[in-house]
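The values are calculated or read from the model by the stated rules, or taken from the named source; none is laboratory data. All of these numbers come straight from a predicted model, not from anything done at the bench. FYI the Cβ positions are ideal-geometry reconstructions off the backbone, even for glycines, and counts take in every protein chain you see.
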């Protein structure tokens, strides 16, 4: 709580750690991601460690496929230190970062004034493998780890479970399993390789998901490898390979009729800002009118007016604290649809993000309360 307001953080993270793979099936345990250190590291800075995943090192920050994500040097004592020194938050125990010590994370929440934090996985999971069975094993092992680590912490540590979209049977099973484990939501990345989330092969998964009470979290991540090949550095990655797939998810969910087929579906777009919503809204409106004139049938056209989707109360976006267009985003979507996210412990996260919200002169006290608490509570609808 800060200044008398409860704070619900819609997007924070549990950093990738070897502890998350202890329960991998025997068929996959030898293929688990391995921590490696680069010896010739004079020009790499903190990027001198990485995860060896299916013969490639991730993350790597130079050359094709560059992107930034957590390294094992952050969470492994033998590669880093027992505490990670963060300029915004001070010395942070490893157990706080990877949830191996949930009480350490709770202590940090107390320090920051956060009442409840909703935890998302590392973006490395977005393209960790294209093999359906291996992806499902990694995803479901992660979900079980988070269920164990967060289950006994008085509801203050909530988590979203990874949905293994490449394996229909396991995806459907995981929906039931993550609910049993106490997940607050399910997370997907913007595409499943080169397939949109609306692809017909995923219909059985979405049909099953619609029978659950879980909201859908769309998180930024380099899920479409072809976009990653365009990236030569981490700026490219942030602008292209991580963000654009999530925009494609918006097209799939709104433009391809998923909100129509699944009337109870709620979707939140996390960790790539909120300003993009104006471009997508403008283009969607433009082509909705244009395509009605030039398409021979109604197939492929929006079933309703574009504004109906935006005002439905089912589309949520996480805005950053310094977002200069937050009030305009509220006008487009409604002030009940903007979520607060710290993105802790990623670099984008700032320890004073809540203070920035509270000090904004363009938001009313009611709007500040909605952003910091009410909207996230309503999106996740935690028990």
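Before we move on, is residue 137 modelled with pLDDT of 95 or more, more than 25 Å from residue 269 (Cβ to Cβ) and buried (at least 17 other Cβ atoms within 10 Å of the Cβ)? Criteria met by residue 137.
Restricted to region 266-383, the set of strands (runs of 3 or more DSSP E) holding at least 3 residues that are at pLDDT below 95 and touching a helix residue (DSSP H, G or I) at 6+ places or on another chain (Cβ under 6 Å) is empty. Screening residue 127 with (1) under 19 Å from the mean Cα position of the chain (by Cα); (2) surrounded by fewer than 22 Cβ atoms within 10 Å (Cβ to Cβ) gives one miss only, at (2). Would you confirm whether or not region 294-312 contains a residue that is over 30 Å from residue 1 (Cα atoms) and under 21 Å from the mean Cα position of the chain (by Cα)? Checked region 294-312: at least one residue is over 30 Å from residue 1 (Cα atoms) and under 21 Å from the mean Cα position of the chain (by Cα). Screening region 298-345 for residues that are free of Cβ contacts under 8 Å to residues at least 40 places away in the same chain and touching a strand residue (DSSP E or B) at 6+ places or on another chain (Cβ under 8 Å) and picking the one that is nearest to residue 246 (Cα to Cα) gives 337. The residues of region 56-106 that are part of a loop (DSSP other than H, G, I, E, B), at pLDDT 85 or above and more than 25 Å from residue 243 (Cα to Cα), listed by number, are 99, 100, 101. One residue stands out in region 196-213 among those that are in contact with a helix residue (DSSP H, G or I) (Cβ under 7 Å, 6 or more places away or on another chain) and over 16 Å from residue 173 (Cα atoms): the one that is surrounded by the most Cβ atoms within 10 Å (Cβ to Cβ), namely 197.
The set of residues in region 214-243 that are surrounded by fewer than 21 Cβ atoms within 10 Å (Cβ to Cβ) and within 12 Å of the chain's Cα centre (by Cα) contains only 243.
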